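The values are calculated or read from the model by the stated rules, or taken from the named source; none is laboratory data. No experiment lies behind these values; they were computed from the predicted model shown. No Cβ is skipped: glycine too gets one built from the backbone with ideal geometry, and neighbour counts run over all protein chains shown. Quick note on the areas: whole protein, heavy atoms, side chains included, nothing else; ligands and nucleic acids left out. Shrake-Rupley method; radii C 1.70, N 1.55, O 1.52, S 1.80 Å.
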Amino acid sequence: MMPFAKNPGETAALSATAARPATAARAAIAARPAAALWPALFLAACAPAAVCAPPGTAADAAPGALADAAPPGAPPADEARFVWLGAPATEFFEATPLGNGRLGATVYGGIAEERVLLNENGMWSGSPQDADRPGAAAALPEIRRLLLAGDNAAAEKLVNAHFTCAGEGSGHGAGANVPFGCYQMLGDLRLRFVADAAPDAPAAATPDAALAAPAAARPVTGYRRELDLARAVCRVTYEQGGVRFTREAFVSAPDEAAVLRLRADRPGRISFDATLSRPERAVTEPAGADGLELHGRLNDGRGGAAGVRYAARVRAVPRGGAVEVAGGVLRVRGADEVLLFVTAATDIRTFAGRNIADARAAADADLRRAQAKPFGALLAAHEADYRRFFDRAHLRLGAADPAAATRDAPERLRRFQEGAPDPSLAALYFNFGRYLLISSSRPGGLPANLQGIWADQIQTPWNGDWHLNINAQMNYWPAEVCNLSELHEPLFALIASLAGPGEKTARTYYGARGWVAFLLANPWGFTSPGELASWGSTVSCSAWLCQHLWDHYLFTGDRAFLARAWPLLRGAALFYLDMLIEEPAHGWLVTAPSNSPENAFLLPGGGKAHVCMGPAADMQLLRHLFEACARASEVLGVDAGLRAELLAKKARLAPTRIGAGGRVMEWLEDYPEADPRHRHVAHLWGLYPGAEITPAATPALAAAARKTLDTRGDGGTGWSLAWKVALRARLGDGARAHRLLAAHLKPAGPDTGKQRWSGGTYANLLDAHPPFQIDGNLGGAAAIAELLLQSHAGEIVLLPALPPEWPEGAVRGLRARGGFEVDIAWRPGAPVAATLRSAGGRAAVVRHGAETLSVNLAPGASRALSFPSKTPPP
């Protein structure tokens, strides 16, 4: 398959698309290995045009701008700006995450010892493999015969025996030392502080001490460790022994470096011993008289020497005092101020990234460039780069609440769980989610994985990979609606990377055209089913990925992007056209074999099974994919014959139905669930993120979806709770959504990991699956936006599910399908001002409650919206 061959008509379209940073990406293609060439070509062409002018331009000054919303570029109020804690971190889930999309630094903020956990998103063990099971397609007819006969248990045995992956697969989620691989921590930078050391004092390490130090240790007062979400800067301050100490840290995308500045308000008081280490496969060496280098090679999963090579560099630049390297320790004594620079690189060869040939040389070059700049210039460049994303949106919930800003994050979570009102906590969480996406996903890089870019282990939970049955997709739910469209690009690159190997998987297992990807994905092109039928045979994951391609087009109107995405959409659709079979009872077309993600059903004769035909999630996803492909072919003027086939077969797909209990049927048969409270609610995909179930167009299905959610309950993992908030938002149930948000934000701690699938939010606001999984954070941010703005059903709906707990507020910069940007201010519970801006010049219907406005804007124009009634309908 050659999906990126460009025809002459596309050339003009590409050149006419504004704000596309293609030059650098195309320049890198010549040096890219052949296996990575076609994803690189896709990336070079898929950067979107600016949907609305960036903050500070004429579009922001257009008539009708909201007086009640913050001006462009204004930081949020402190209660929605700072994630702060009143003690050093002792665990990863208490520490402060920083990142530039590639390089991560997690600050613990200790007194006796500062720990900075380092990450680099190319730190992947493993290597490419062929995990397709030879001859798998020979088992397909018998598997399908058994399913058609209703013998799901026997079919599942055959799937486990013949229709799973070959080899060790993901190592059942522990793949660090098998070819599948694992995303891993890079290393630890530790600073052990030396009290009252003169520049020529001998090296000494103070004992570990927390704030509650023994009497012999100097007491600490005024401790605060804050993450400033408006600047992406961590700041640690405290007073000890009459000296005020300050540390500031950030990770710069423009300068590809983590920077840590240590200061004291009295001269000569900065002294420490720094080490750079990693638990395995690492060597630490001096790097001149003022630095250290960590380097090594990761396990390729085969016992060979083909693993990813990595390197990290640290250098100290003191003002005053002295610096030396001795015995693998970087010593600083008696400095007034110290700048620490940390750089890192990997030589991973995959579908995205920097394509570094020599990791050690790259880390050194990055360090030299960063060190050549003064701190002020580094900080200014970092802030400007970060704020061009963060400042696009602004959310205020409730009246100003300065008291909330005086409470650290754990206290706010606790008080909120106990019922204390704190609407700005949701605004803080929304801002934190946007911060995490900006900090873990940048154009040209790898997509945010299960932990974004932050991991504190060699064997990261579930390999820190990309799970494609919701988790990778949920990471990108905020991208379009929260005005971070460019940050979607790494996911598009992952999708493109799966099409080639997915073609082989489609042939090997189904004898089908096109491409398919199952639940697991890694940088090495893994598209095979998982190790077990119970979770690894979900066949609709690639259809779900394609929703992101189509949604990006709907939000941006970027036809050139759609032309590049078309081969991926078409290839996915061809696979499903070929693999569908007819079930005999109704003549419906269904997938077989498949499962409803990770869920089991009870068999009529006893026992349980997972493998089935035509689960509701598959059918909803295929209806969406076939419709999207048909519409894309019409927009592009291609494949009219395929369009007709897609629409004809879409009409024959098994419909979403209501079972005897009044709930949405999850399977083709009305089976009871083995776990009625199961965390997955995949059969409600058509409600969110899909759009085939809406209260207005399909009221019976919407009522059944509501009953399904009621029965499943308000428990679950972090990502499950975030999803349920969004589902309730689509049902217009703001009150229940807020209740779920409170459950999502319940405090989590060291004991949370002992409670499987319990969810919650850690002290640093990271999501508790448990353990930490970033999809709950990012899905939560998208769900908050969904409560305030929806555009999936052909209208732009203002405040569709506003919780009663948010009677007043303002939001600026959310995006709607059709190329629109929306600002809303409301008080009490109804819009008092709203502005619609258009990039492409399209007509729209804007709704609040029962009232609608028809708007037709020229490209770049805006309009202040006014509804006849300022009160919501009863």
Please give me the summed charge of the neighbours of Thr246: other residues whose Cβ is under 13 Å from its Cβ, Lys and Arg +1, Asp and Glu -1. +2
How far is the Cα center of segment 135-190 from the Cα center of segment 440-514, in Å? 19
Sequence ranges 446-456, 706-716, ranked by mean other-Cβ count within 10 angstrom, highest first: 446-456, 706-716
Theoretical FRET efficiency, 1/(1+(r/R0)^6), r = Cβ-Cβ of Arg677 and Glu91, R0 25 Å, to 0.05: 0.30
So, taking all protein chains as they sit and a 1.4 Å probe, how much accessible area belongs to Glu666, in Å² rounded to tens? 10
For Glu120, what residues show an amide H to amide H distance below 5 Å, using hydrogens built from the backbone and excluding near sequence neighbours? Gly104, Leu186
In whole angstrom, how long is each semi-axis of the equivalent ellipsoid of segment 735-874, when you take the square root of 5 times every eigenvalue of its Cα gyration tensor and sort them from largest down? 35, 17, 11
If you take the charge dipole of segment 703-770 about its Cα centre, with +1 on Lys and Arg Cβ and -1 on Asp and Glu Cβ, which of Pro747, Ala735, Gly716 is farthest toward its positive end? Ala735
Using only the C-alpha atoms of segment 645-694, find the volume of their convex hull and express it per residue in Å³. 105
What does segment 743-809 give for Rg and for Dmax, in Å, if only its C-alpha atoms count? 14.9, 45
Quick one: divide the alpha-carbon radius of gyration of segment 455-567 by 2.2 N^0.38 Å and tell me what you get. 1.11
Segment 294-441 - Rg (one decimal) and Dmax (whole number), Cα, Å: 21.7, 61
Based on Cα coordinates alone, diagonalise the gyration tensor for segment 553-658, multiply each eigenvalue by 5, take square roots, and list the semi-axes in whole Å, largest first. 31, 15, 11
Sort largest first and round to whole Å: the equivalent ellipsoid semi-axes of segment 141-192, each the square root of five times a Cα gyration tensor eigenvalue. 42, 11, 6
Per the Cauchy relation, a quarter of the hull surface: what is the mean projected area of the convex hull of the alpha carbons in segment 715-774, in nm²? 3.6
CD proxy at 222 nm, helix term only [per DSSP H run n ≥ 4: -39500 (n - 2.57); per residue of the chain; nearest 500]: -9500 deg cm²/dmol
Distant alpha-carbon pairs in segment 348-409 (separation over 20 angstrom), percent: 63
Note, Gly840: beta-carbon cut-off 14 Å, +1 each Lys/Arg, -1 each Asp/Glu, net +3
Mean projected area in nm² (Cα convex hull; one quarter of hull surface) for segment 419-460: 4.5
Protection proxy (average C-beta count within 10 Å per residue), highest first, orders 589-601, 720-732 as 720-732, 589-601
Which entries in Lys608/Lys707; Lys724/Lys746; Lys649/Lys707 show an alpha-carbon gap greater than 26 Å? Lys649/Lys707
With every protein chain kept in place and a 1.4 Å probe, the chain has an accessible area per residue in Å² of 33
With charges only on Cβ, +1 for K and R and -1 for D and E, what is the dipole size of segment 767-859 about its Cα centre, in debye, rounded to 20? 360
For the ranges 407-418, 555-566, 760-771, what's the packing order if you count other beta-carbon atoms within 10 Å of each residue, average per peptide, and put the highest first? 760-771, 555-566, 407-418
Size of the dipole of the chain about the Cα centre, Lys and Arg at +1 and Asp and Glu at -1 on the beta carbon, nothing else charged, in debye to 20? 940
Given charges of +1 on the Cβ of Lys and Arg and -1 on the Cβ of Asp and Glu, with all other atoms neutral, how large is the dipole of segment 412-516 about its Cα centre, in debye to the nearest 20? 120
Report, largest value first, the span of the C-alpha coordinates of segment 657-781 along each principal axis, in whole Å. 42, 30, 20
Counting only other residues whose beta carbon sits under 12 Å from that of Phe390, what net charge do I get with K and R as +1, D and E as -1? +2
Regarding segment 265-336, what whole-number volume in Å³ per residue does the convex hull of its Cα atoms give? 93
Segment 378-424 pair-distance distribution - Cα-Cα, 5 Å bins, rounded %: 4, 17, 19, 14, 13, 18, 11, 4, 1
Please report the relative contact order for the chain, taking Cα pairs under 8 Å with a sequence separation of at least 6, and give it as a percent rounded to a whole number. 14
What is the diffusion coefficient of segment 639-727 in µm²/s, taking the Kirkwood radius over Cα pairs and the Stokes-Einstein relation at 10 °C with a viscosity of 1.306 mPa s? 111
How big is the accessible area of Met185 in square angstrom, nearest 10, if you roll a 1.4 angstrom probe over the protein chains? 10
How many nm separate the modelled label positions at Asp151 and Asp751, each set 7 Å beyond the Cα in the direction of the Cβ? 5.0
Ratio of alpha-carbon Rg to the 2.2 N^0.38 Å globular estimate for segment 506-575, to two decimals, please. 1.22
